[in-house]
Every structure is written in structure tokens, then in C-alpha cells.
Amino acid sequence: MIVGNRKEFGEILEKLGTARRVLVLGCNECVTVCGVGGEREVGVLASELRLYWQKEGQDFAVKEHTLERQCDYEYIDAIRPLTGEYDVILSMACGAGVQYVAEAYKPRLVIPAVNTTFLGVTLEQGVWSERCQGCGSCIVDMTGGVCPIARCAKSLLNGPCGGSSGGKCEIDRDTDCAWQLIVDRLTESGQMERYEEIQPVKDWRTGRDGGPRKRVREDLKL
Amino acid sequence: MRLNYPSNVKVVKVPCTGRVDMLLILKAFESGVDGVYVAGCMEGECHYLRGNLRARRRVEQVKKLLDEVGLGGERVEMFNMSASQGQRFAQFAREMTERIRSLGPSPAKKNKEVLP
């Protein structure tokens with residue numbers, strides 16, 4: 001899923017400027033699962049804004065709404081009648097959702113309340129960890145199911161480097177060395193011969209280096 | 001025991017303090033209360049194992065949040081007591097009432113949502 005962090009309240013207030021009619025818009029997908037922008041978090045942020053403006057003695061209107069998804073136009077379009085009543089849409093979705101809402105409701109001001117951080121997994125309730133960088137050409141079959149692009153600080157294709165010590169990465173003692181994990185997994189599964197294969201330089205054109213990506217499936221089009 | 005506690009304290013019953021969500025506390029402040037305290041069982045004695053420990057973490061989170069919005073985190077607190085400690089219940093009710101009195105009314109009472 002896409003994982004994010006909520007922005008500090010002060011930063012959100014600053015971004016809102018003089019706007020006092022605010023539609024706080026959540027998303028029921030990834031940001032709900034990672035506890036950053038679902039219905040509950042929309043409630044908390046809306047409550048913070050209400051308490052703050054009540055304290056300041058200001059007039060305001062804060063509306064809470066959560067869409068099934070902010071990355072599909074059909075859901076975004078469904079709130080068109082609602083948006084006219086508010087100065088600002090404060091989106092709690094990932095960067096993709098914020099942009100799609102902004103695109104659908106231009107020139108209305110759309111403000112992000114969340115910093116989108118990574119594609120990851122839930123390690124335990126309340127703990128998430130990065131697993132993928134969307135490089136566009138997956139190689140985890142070669143690396144025992146561990147991605148060195150996302151999980152090695154240097155994204156090394158032939159590791160580990162000299163910073164690996166006791167199974168940990170030199171960047172901090174809590175970060176596993178991805179290449180230690182790879183070697184362990186390859187050993188466990190009897191595939192150490194794969195480790196001997198030298199990986200050539202990666203073609204990054206399938207990743208971000210090739211510019212913004214777009215995917216078209218002609219057979220799925222209406 | 002015929003113990004007294006201040007009449008300004010309104011009790012909201014929950015099956016376990018683990019039911020207490022951040023939003024419940026925030027909604028109380030939105031409705032105009034001056035302070036909120038959560039009265040949980042003694043740590044380590046939760047019937048549901050970790051309900052009171054979770055409540056404490058949530059109270060800590062609400063403290064941070066109230067500091068951010070300028071109401072002051074000291075308006076919310078978590079206390080632990082067993083079901084047989086009526087005296088402790090009354091004592092915390094008095095302590096919290098005194099604390100909130102010294103802080104004064106919640107500044108969020110000034111205004112209500114007025115824009116249509």
C-alpha cells in the first residue's frame with residue numbers, strides 16, 4: 001500500500017491561510033489502512049481545526065467527507081455539488097489523490113494534509129515498512145524475494161557493501177542490510193548459485209529516470 | 001463509603017478504557033467541556049489485557065494535539081484505579097477539577113461553527 005505521514009497541524013494551518021470554509025476529504029484506500037487519511041483521521045483533523053478556530057473566535061465551516069478512492073474520477077466527481085460551498089479542499093489522500101482532486105476541481109484550491117512517503121507493508125499494527133520503489137522491472141526472483149532497490153540504502157544490485165555489519169545497515173542499527181537478508185534467504189532456499197550471477201547495470205528507463213509513466217490497456221478501454 | 005466528588009464531573013461509561021478513541025475526547029472538547037480525564041483500571045489488571053494501556057497512549061496523543069491547537073495538553077489526563085478504590089476515584093475527580101479550575105474555561109468555547 002501507499003504509506004504516508006500527516007503534516008504537522010501548524011503547517012496545515014499555514015497552508016490554509018485565510019480560508020475558513022474547508023472540506024476535509026479523506027480516502028478509504030491505502031491512507032485508511034496506514035492510519036493517516038481515512039474517515040477517523042478526517043474526523044481528528046476536522047476536530048483540530050474546529051477547536052483552533054473556536055479558540056480564535058473566528059467564523060468557519062468545516063465539512064468532513066471520505067471518498068472510496070481519490071484516484072478514480074468517478075468517486076471524485078460524485079462530490080461536485082458539495083465542493084462549491086467550500087473555499088478549500090484539504091485532501092488527506094496520497095499525492096496521486098490530491099492531484100486528481102485538484103485536476104477535477106480546478107481552479108479550486110486543493111491542499112495536501114499528508115506527506116506521501118513510500119510503498120510498503122504493515123509489519124504490525126501501527127508499524128509500516130518500505131518494500132517497493134516502483135522501478136518498473138522487478139528482479140526479486142533473483143534476490144530471494146527481497147528487493148535491493150527499495151531496501152538497500154544504496155540500491156545495490158550486487159551487494160552487500162562494506163557498510164553491512166552484523167546484518168544491519170550502516171545508516172542505522174535498526175535497518176536490516178537488504179543484502180544480508182538476500183544471502184540468508186538464498187541460503188535457506190538452496191539458491192546461492194543465484195548470488196554468483198553478477199547483475200548488469202540496471203536499465204532505469206522503466207523507472208522514474210524515464211520520466212512520468214503511463215500505462216494503457218487497449219483491451220480494457222470502453 | 002458515602003464519598004463525595006465534585007458535581008461538575010460528568011461520567012461517561014465505556015465498557016473498557018480501550019474503547020476510548022481520540023475522537024471521543026476531541027468531540028467532548030468540541031461540545032464545550034473544559035477538561036477530560038480517563039479513569040481506567042490499574043495497569044496490568046485489564047480484563048481485556050491491554051485496554052487501559054492503549055487508552056493511555058491515546059490520551060498522550062490527544063495531549064500533543066491539544067498543545068498544537070492551543071487548548072493545552074494538561075486539559076486531558078489518564079488515571080488508573082481499581083473498582084474497589086472509591087477514595088482514589090473521588091481524589092482524582094477533585095485533583096482534576098482543581099487543575100481545570102486553575103486553567104480556566106476552555107478557550108474553544110468562544111465561538112461555534114457559524115458559517116452556513
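The values are calculated or read from the model by the stated rules, or taken from the named source; none is laboratory data. Values in this document were obtained by computation on a predicted structure and should not be read as measured data. Positions of Cβ are generated from backbone atoms using ideal geometry, with glycine treated the same way; all protein chains shown enter the neighbour counts. Accessible surface areas use protein heavy atoms only, side chains included; no ligands, DNA or RNA. Shrake-Rupley method; radii C 1.70, N 1.55, O 1.52, S 1.80 Å.
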When the charge dipole of the range A:127-222 is computed with +1 on Lys and Arg Cβ and -1 on Asp and Glu Cβ about the Cα centre, the Cα farthest towards its positive end, among A:Cys138, A:Ser165, A:Gly207, belongs to A:Gly207
At q = 0.29 Å⁻¹, what base-10 log of I(q)/I(0) does the Debye formula yield for the range A:161-222 when every alpha carbon is treated as an equal point scatterer in vacuo? -1.09
If r is the Cβ-Cβ distance from A:Asp203 to A:Glu124 and R0 is 45 Å, what FRET efficiency results, to the nearest 0.05? 0.80
Fully extended, how many nm does the chain gain between A:Glu8 and A:Ile171 (0.36 nm per residue separation, minus their Cα-Cα distance)? 56.1 nm
Farthest towards the positive end of the dipole of the protein assembly as shown, among A:Leu25, B:Gly40, B:Ala108 and with Cβ unit charges of +1 on Lys and Arg and -1 on Asp and Glu, lies the Cα of B:Ala108
Amide H to amide H under 5 Å from A:Val62: which residues, 5+ apart in sequence or cross-chain, H placed 1.01 Å off N in plane? A:Val22
Hey, with R₀ at 22 Å, roughly what FRET efficiency would A:Val216 and A:Arg80 work out to, going by the Cβ-Cβ distance, to 0.05? 0.25
With every protein chain kept in the model, how would you rank A:Glu48, A:Glu64 by accessible area, 1.4 Å probe, largest at the top? A:Glu64, A:Glu48
Efficiency of FRET from Cβ geometry, B:Ser7 and B:His47, R₀ 30 Å, rounded to 0.05: 0.55
Return the Cα extents of chain A along principal axes one, two and three, sorted largest first, each rounded to a whole Å. 67, 46, 26
Explain nothing, just the number: relative contact order of the range A:21-151, from Cα pairs under 8 Å at least 6 residues apart, as a whole percent. 23
Do you know the relative contact order of chain B, to the nearest whole percent, from alpha carbon pairs under 8 angstrom that are 6+ apart? 34
Per-selection Kirkwood Rh - the range B:17-103 (Cα, Å, 1 d.p.): 13.3
Other chains' Cβ within 10 Å of B:21-30 residues: what's the mean? 4
Taking the DSSP beta bridges in chain A as the whole, what percent of them are antiparallel, to the nearest 5? 45
Count the lysine pairs in chain A whose Cα atoms sit under 24 Å apart, keeping only pairs 8 or more residues apart in sequence or on different chains. 13
Charges only on Cβ, +1 for Lys and Arg, -1 for Asp and Glu: so what's the dipole of the range A:77-222 about the Cα centre, in debye to the nearest 20? 560
Karplus (6.51, -1.76, 1.60) ³J(HN,Hα), θ = phi - 60°, over the range A:63-77, in Hz, Gly and Pro reported as x: 10, 9, 8, 10, 8, 4, 8, 9, 9, 10, 4, 4, 6, 5, 5
